[in-house]
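In what follows, a single structure is set out as structure tokens and then discussed.
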Amino acid sequence: MEQYREMYERAANEPEAFWSELARNELSWFEPFRKTLEWNPPVAKWFSDGKLNACYNCVDRHVEDGRADKPALIWEGEPGDARVITYSELRKLVSRFANVIKALGYKRGDRAIIYMPMVPELPIALLACARLGVIHSVVFGGFSAEALKTRIEDLDATLVITADGGWRRGKEVRLKDAVDAALRDCPNVRNVIVHRRTGSQIEMQNGRDLWWHEQEQQLGAQGDTCPPEQLDSEHPLFVLYTSGTTGKPKGILHTTAGYLLGTMMSTKWVFDLQENDVYWCTADVGWITGHSYIVYGPLAAGASVVMYEGAPDYPAFDRFWAIVEKLKVTIFYTSPTAIRALVRQGDKWPDSHDLSSLRVLGSVGEPINPAAWEWYYRVIGKERCPIVDTWWQTETGGIMISPLPGATPLKPGSATLPLPGVVPEIVDTKGNTLRDNREGYLIIRKPWPSMVRTIWGDPKRFEEQYWSKVPGAYFTGDAARRDEDGYYWVLGRVDDVMNVSGHRLSTMEVESSLVHHPAVAEAAVVGKPHEITGQAVCAFVTLKKGEWDTGALSQELRQWVGKEIGAFARPEEIRFTDALPKTRSGKIMRRLLREIVTSHAVTGDVTTLEDMNVLASLSTQQDEE
Ligand code: PRX
């Protein structure tokens, strides 16, 4: 703890000296940098005159530094197949695939969409893009063809990397079919490279679609090497789409050096990473957690990374614990939703496995409730393993607030203290700093290396969304409180963003999907508390004139949202109503709807409410149910 305090002080007093020393010592450079930070809010440039390559830092340098035979990826397929890939094998696989992309004419600055299952070819595809300076954007395999299309268009991508399908609960998720549907409207995509995973029947369009393995075979032996491009520190590494407060997802842009430094250092600090650790983060690479803590952070740190393709409950509820036992996992990082779902199944599942290899447990994506924390600590960690509750966001790139295991005294439910170099603050609506134990907005005062650089194609939205609430400071969109020990308690979003199973979802996105349906006149969506997923989607819908079978329509609307966004966005509940509560200016009062689904009582200021009867009837409807 002493050491942490010292480091924190140093970083706070001399941030540039702190970060530049780490960047020099921890990253491998082709050309060293001289400038540490150029800060013209909201535009930050870190280490801008240096040159490096993220893939070289994650792969090649470890082969050169004596880790050639160390496992880099330890993979478990859902059906039970397995692969171990060492750092030297990873270098070869990544180089070969980079040569495939290169031979097709793709080069630095081009954009590739990656839509794949959790197989080793997924990180290989990311790293191959990074090696060439091709900007990647991974779209989570649970997103629909429609969502995929919007992202391809927004990014103006010319390459798509996918697979025939992937395995989830014993069933095939047919990814290539979704790509085919999306590409009907995306004429700028020149090629689709398809990895064969499930071996099922798919369509291949002549000239456009190519099998990964066939392209590789054509390379011959000289394909094993591919020199990494020497890229600027601020070269865009990837864009990852996340939900905001409008219907349109935001393309969060991260660049090379700062992102890599932030994710690598936080991996080392937060998980106390040691040379022989077997590290497992259960997220999907399609979300920021997978980017930062399956691929870039741990690989830059030279770790052995476990990756699992499928569902935690397949073939039974002990799949996670069976993998921990089999691979002797030492560091385990998962979400509160996964923990809550497994708590429900009882202790017999973890109790039937030897979990003694575990050393550090992590939690991410949403607040962890005390009951889940206790169970994780007692039943999984046997009261030996510290739990690191890590607070961060797609935009922050890496972990911002978290305990350091073994050092920081824990308080269940609190992400505890900021990492060195992170300067959070709690402010009121006017941007004034609040005293301890007051709830307010969580902001970050000073720039940090792994911060979001812009929203792809929309710098204006970037400025408005994150930098205008408190001028010069980063607005997180979360509410929080700091206690008398300086510990942070993150309370949840203050905007129209829901958090379902640790996945960010915008109310507007679901609403605009619902109103596309021919039967729907208006829709208002809110998150309601849910025992397992934290929040669930609840939709209030008014219908166009006509005779409707609301039972059937409810099912149809759920399917509809699944098709437009993805199955994970389907409303759990749809309530049909005659009207929605609105202000006099016609804005839907989501706050009231939120209160209806959270409690029965409606409190607070309702003087702006257009029609009090609407509210009364919505509340009664629930009482009747
Ligand atoms: O509300 C916070 C919540 O998740 C949001 C970020 O979502 P996303 O960008 O999808 O990234 C998820 C993985 C980092 C935050 O604004 N959140 C994340 N971690 C925590 C959390 N809330 C409470 N405690 C956490 N540890």
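Scaled against 2.2 N^0.38 Å for its residue count N, the alpha carbon radius of gyration of the stretch 270-418 is 0.96.
From the residues Pro71, His254, Ala182, which one has its Cα farthest along the dipole of the stretch 2-311 in the positive direction, the dipole being from +1 and -1 charges on Cβ of Lys/Arg and Asp/Glu about the Cα centre? With unit charges placed on the Cβ atoms, the residue in question is Ala182.
Please go through the stretch 329-432 and write out the GluC sites (Glu not before Pro) that DSSP classes as loop and that have at most 10 other C-beta atoms within 10 Å.
Glu383
What you get for the stretch 436-507, charging only the Cβ of Lys and Arg (+1) and of Asp and Glu (-1), is a dipole of about 280 debye around the Cα centre. Charge dipole of the chain (Cα centre as origin; +1 on each Lys and Arg Cβ, -1 on each Asp and Glu Cβ, all else neutral): 740 debye, rounded to the nearest 20. Neighbours of Ala569 by Cβ distance under 13 Å: Lys/Arg scored +1, Asp/Glu scored -1, total -1. Since only Ala303, Leu104, Asn40 are under comparison, the one whose Cα sits farthest along the positive direction of the charge dipole of the stretch 2-311, derived from C-beta charges on Lys, Arg, Asp and Glu, is Leu104. Ranked by the mean number of other Cβ atoms within 10 Å per residue, highest first, peptides 91-98, 523-530 order as 91-98, 523-530. Taking 7 Å steps out from each Cα toward its Cβ at Glu21 and Asp578 produces label points 7.0 nm apart. Rolling a 1.4 Å probe across the protein heavy atoms gives the chain an accessible surface of 39 Å² per residue. Both radii were evaluated on the Cα set of the chain; the Rg over Rh quotient, with Rh as the Kirkwood radius, amounts to 0.95. Taking each of Lys107/Lys149; Lys45/Lys328; Lys248/Lys544; Lys92/Lys149; Lys430/Lys587; Lys35/Lys149 in turn, the alpha-carbon distance tops 30 angstrom for Lys45/Lys328; Lys92/Lys149; Lys35/Lys149. Please report, as a whole percent, how much of the solvent-accessible surface of the chain comes from carbon and sulfur atoms (probe radius 1.4 Å). The computed percentage sits at 49. Using a probe of 1.4 Å on the protein chains alone, the accessible area found for Tyr441 is around 40 Å². Considering helices alone, the calculated mean residue ellipticity of the chain at 222 nm is -8500 deg cm²/dmol, with DSSP H runs of length four and up weighted by -39500 (n - 2.57) and normalised per residue. Shown are His213, His136, whose ranking by accessible area with a 1.4 Å probe and every protein chain present, most to least, is His213, His136. Between the stretch 23-52 and the stretch 527-573, what is the separation of their alpha carbon centroids in Å? Centre-to-centre distance over Cα atoms comes out at 47 Å. An ellipsoid equivalent to the stretch 159-289, defined through the eigenvalues of its Cα gyration tensor, has semi-axes of 30, 22, 20 Å when rounded to whole angstrom and sorted largest first. With the whole protein complex present, Met204 retains an accessible surface near 60 Å², based on a 1.4 Å probe.
One chain, two ends: Asp495 and Phe568. Fully extended at 0.36 nm per residue, the span grows by 24.3 nm beyond their Cα-Cα distance. When all protein chains stay in place and ligands, DNA and RNA are ignored, the 1.4 Å accessible-area order of Glu275, Glu522, largest first, is Glu275, Glu522.
One Cα centroid belongs to the stretch 53-73, the other to the stretch 352-368; the line between them spans 27 Å. Against the criterion of solvent-accessible heavy-atom surface with a 1.4 angstrom probe, Arg435, Arg169, Arg591 sort, most first, into Arg435, Arg169, Arg591.
For the stretch 157-207 versus the stretch 222-300, the spacing of their alpha-carbon centroids is 24 Å.
For the stretch 2-311, the convex hull drawn through the C-alpha positions has a volume of 147 cubic angstrom per residue. Summing +1 for each Lys or Arg and -1 for each Asp or Glu among the other residues whose beta-carbon sits under 15 angstrom from that of Pro71 gives +2. Taking 0.36 nm per residue of separation and subtracting the current Cα-Cα distance, fully stretching the chain between Asp313 and Lys430 would add 37.5 nm.
The P(r) of the stretch 35-154 has a tail past 21 Å containing 53 percent of all C-alpha pairs. Extension gain for Arg5-Lys587 works out to 204.8 nm (0.36 nm per residue, less the C-alpha to C-alpha distance). Rg over Rh for the stretch 232-275 works out to 1.15, using Cα positions for both radii and the Kirkwood form for Rh. Counted by Cβ distance under 12 Å from Thr267, the other residues give a net charge of -2, where Lys and Arg count +1 and Asp and Glu count -1.
The values are calculated or read from the model by the stated rules, or taken from the named source; none is laboratory data. A quick note: this is a predicted structure, and the numbers were derived from the prediction, not measured. Virtual Cβ from ideal backbone geometry, glycine too; neighbours counted across all protein chains shown. Calculation scope for accessible area: heavy atoms of the full protein, side chains included, ligands and nucleic acids excluded. Shrake-Rupley method; radii C 1.70, N 1.55, O 1.52, S 1.80 Å.
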